[in-house]
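Beneath this line is the structure, given in structure tokens, with notes to follow.
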Amino acid sequence: MGRIILDHATLRDTVERLKRQGKSIVFTNGCFDILHVGHIRYLRGARALGDILVVAVNSDASTRALKGPGRPVTPQEERLEIIAALEMVDLVTLFDTRTVGPLLSLLKPHIHAKGTDYTVDSVPERAIVEGYGGRVAIVGDPKNHDSSSIIETIRGAAS
């Protein structure tokens, strides 16, 4: 079960301590608005790449900026708690920026894992990760599950 660390300086110190212990740090991120099997496969794939999985969850404001009005449907505090409850997740934090670039620059994880809706070349933070000596990995199954479709199905059924 993961530990939620909202203060990024404390998270950095925790990650640095784990690195000194020889642990390989994998970092990933997402909105995780409605948790589904694609998320589970993505997080399992990320965790398989190293010893410690750090998950950054988009804040409500960040999710709204990415997904539009009416999102998220699950508040950030609940999304943090849900992700932290997953067995493959070690550390969880919240971020409020459009990309996780600033957080990657702070934590410098060994691996930045992204889902199959990206290629290594299309990951927005690729230059940051490679700049500090990390690597980008693509994990999970094909992106044929998504929260937006699930939400639309539920809304359609409620009509």
Quiz item: Cβ-Cβ below 9 Å, separation at least six or inter-chain, first residue in segment 72-86 and in contact (Cβ under 8 Å) with a residue 12 or more places away in the chain and small (Gly, Ala, Ser), second open to solvent by 20 Å² or more (accessible area, probe 1.4 Å) and outside any helix (DSSP H, G or I): which pairs?
Solution: ALA84/MET1; ALA84/ARG3; ALA84/ILE4; ALA85/MET1
Quiz item: Taking helices (runs of 4 or more DSSP H) that fall entirely within segment 65-159, which contain at least 1 residues that are modelled with pLDDT of 95 or more and surrounded by 14 or more Cβ atoms within 10 Å (Cβ to Cβ)?
Solution: 76-84, 101-107, 126-131
Practice problem: For residues that are among the small types (Gly, Ala, Ser) and in contact with a His (Cβ under 7 Å, 6 or more places away or on another chain), scanning just segment 31-76, find the one that is nearest to VAL89 (Cα to Cα). | Solution: GLY50
Exercise. Please verify whether segment 42-50 includes one or more residues that are surrounded by fewer than 14 Cβ atoms within 10 Å (Cβ to Cβ) and over 25 Å from TYR132 (Cα atoms).
Key: no
Quiz prompt | Close pairs from segment 113-134: first over 22 Å from ILE40 (Cα atoms), partner at pLDDT below 95 and outside any helix (DSSP H, G or I), Cβ under 8 Å, at least 6 apart | solution = PRO124/THR99; GLU125/THR99
Quiz item: Which of the residues belonging to segment 5-41 are surrounded by fewer than 15 Cβ atoms within 10 Å (Cβ to Cβ), closer than 24 Å to LYS67 by Cα and in contact with a strand residue (DSSP E or B) (Cβ under 8 Å, 6 or more places away or on another chain)?
Solution: LEU6
Quiz prompt | Matching residues, segment 16-57, being of a type in the set (A, V, I, L, M), within 19 Å of ALA137 (Cα to Cα) and either assigned to a helix (DSSP H, G or I) or at pLDDT below 95 (or both) | solution = ILE40, LEU43, ALA46
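The values are calculated or read from the model by the stated rules, or taken from the named source; none is laboratory data. For clarity, every value in this text was computed on a predicted model and none was experimentally measured. All Cβ positions, even for glycine, are placed from backbone atoms using ideal geometry, and neighbour counts span all protein chains on display. Accessible surface areas use protein heavy atoms only, side chains included; no ligands, DNA or RNA. Shrake-Rupley method; radii C 1.70, N 1.55, O 1.52, S 1.80 Å.
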